[in-house]
Amino acid sequence: MNRLRVEDMEAKEALDRILMPKSVAVVGASTDPFKWGNMLLAAIQKGGFEGEIYPINPKAEEILGLKCYANVRDVPGEIDSALVVVPARFVPTVFEDMVAKGIKGAVVITSGFSETGEEGAKAVQQIKDTSEGKLRFIGPNCMGVTSSPGKLSALMIPFLHESGEVAFISQSGGYGLQLYLRASALGVGVGKFVSSGNESDLKGWEYLKYFGEDPETGLICMYIEGLKDGRRWYEEAKKIIPEKPIVVIKVGVTEEGSKAAASHTGSIAGSDQIYDAAFKQAGVIRAQDAVEMFDFIKGLLYCPLPQGPNIGVVSNSGGVAVETADRLIQNGMKVPTFSEEAQQEILGVIPAFGNPKNPVDLTATLNMNSFLNVPDMVLKQPEIHGMITIGLGTAILNTMFPDVPKEDLAGIYQWLNGQLISAYKKHDKPVIVIDPAADVEPESAKIMEAQKVPVYTTPERAADVMGVLYKRKLFLDKIKG
């Protein structure tokens, strides 16, 4: 068996043990609640981890109710993975101990290695020499990992998504952690999170390969500062894309940004034009920022792909409808005029001064007959491949009717949005909702997104997501011939 194949097997075994462990050692566990070694241990406990936890500290007998050991070698049972938070000067010795114990996977949270210069790089080489062929590790200079199926919250905070089919790998530690938290608030379930740090051992392409083969992962997203083996990453991405979308943020676009990335995690930033071209060739979806990333992820997870470029727009505001149509066209899509037959049917349920052509302008009517019937009339047209709605079911009822009990209005929200969702789900076509007031009154958006109908606050965000869905459809058609 060739060395490359052996390394692939080692990476899979290490990541299996790191993300789905039966036992975990915290090397550098501390009695001080303000130190990493204590916060990490507490997070694992509070996260509900069901396996064995071994604090490693030669100066303590017990931490957080758990028996301490002076060294991983002293632990009586098997250790699946170790989380290392000792100062950098002790890490080489810790690696000797972990190898002797037979530990296969580790997460090195400690910083002060290749990102700091020549001495740090020498220390990294020392631990790589010690661990070669025996142990694979994440980091150093990272924030940890989480695994919802493994009930493991190995971060400085005790937080775990209940579930999710997104795997998120971030080279940025602090920002990656904040995005992991933000994802939950936005309703994006991240089942597995890896703060990859300097990637001195396990590289970006290995995470890509692992999650590409993981049956619990449906979408992969990455925050990238630079790739140390860009060609291998590209080849792995091409294999994965037909089955799973990959969404990335790549920073270091400017020369100054590239230098900052190099000093932060020791990343090889490279030409942004090369990265951009490679992403496009492989079918990787590039987001410009975190807002776009989560917008794209929600659309890709919630919606079927449009089978063509023709999009229907239904709105209670003429101006926003035009803005939406403009952005759709800028994304390479079309907003075609409906057939005479379809227009006549729509005219039967909207005000006489409304517009049935596409975009459909319902006007500022509160007529439920319009709201509930027009979406189905649009979606059933064979030449229409998707729909964006504005203002349907999203009236700011609490603000409009302040004297009506909120529980009464909640019932109206539930009923109206439930009827709309039924109409949207009747057809196997993507439906995206624009709710400009979602930040003011989120009730409608919550109901929609609970049923996998994505909601955005602006026409641009909604149309850009529809564009991403269509571009993925075109790319898949192209590679399938």
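The values are calculated or read from the model by the stated rules, or taken from the named source; none is laboratory data. Computed from a prediction, not measured in an experiment: that's the story for all the values here. Glycine also receives a Cβ, built like all others from the backbone with ideal geometry; neighbour counts cover every protein chain displayed.
So the values come out like this:
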quantity: Elements of type strands (runs of 3 or more DSSP E) contained in the stretch 116-203, each with 3 or more residues being of a type in the set (A, V, I, L, M) and either at pLDDT 95 or above or in contact with an Asp or Glu (Cβ under 7 Å, 6 or more places away or on another chain) (or both); calculated: 166-170
quantity: Residue count for the stretch 439-460, restricted to those that are out of contact with any Phe, Trp or Tyr (no Cβ under 8 Å at 6 or more places or on another chain) and buried (at least 20 other Cβ atoms within 10 Å of the Cβ); calculated: 5
quantity: Verdict on N355 being in the same structural domain as G418 (by TED's automatic domain parsing), touching an Asp or Glu at 6+ places or on another chain (Cβ under 8 Å) and modelled with pLDDT of 95 or more; calculated: no
quantity: Residue match in the stretch 386-407 (condition: touching a Gly at 6+ places or on another chain (Cβ under 7 Å), under 25 Å from G318 (Cβ atoms) and either in the same structural domain as N316 (by TED's automatic domain parsing) or without any contact (Cβ under 8 Å) to a residue 40 or more places away in the chain (or both)); calculated: yes
quantity: Failed condition for V433, given (1) on the phi > 0 side of the Ramachandran plot; (2) under 24 Å from the mean Cα position of the chain (by Cα); calculated: (1)
quantity: Of all residues in the stretch 410-430 being of a type in the set (K, R) and under 25 Å from the mean Cα position of the chain (by Cα), the one that is modelled with the lowest pLDDT; calculated: K425
quantity: Qualifying residue in the stretch 263-274 (condition: within 26 Å of I18 (Cα to Cα), under 20 Å from the mean Cα position of the chain (by Cα) and modelled with pLDDT under 95); calculated: no
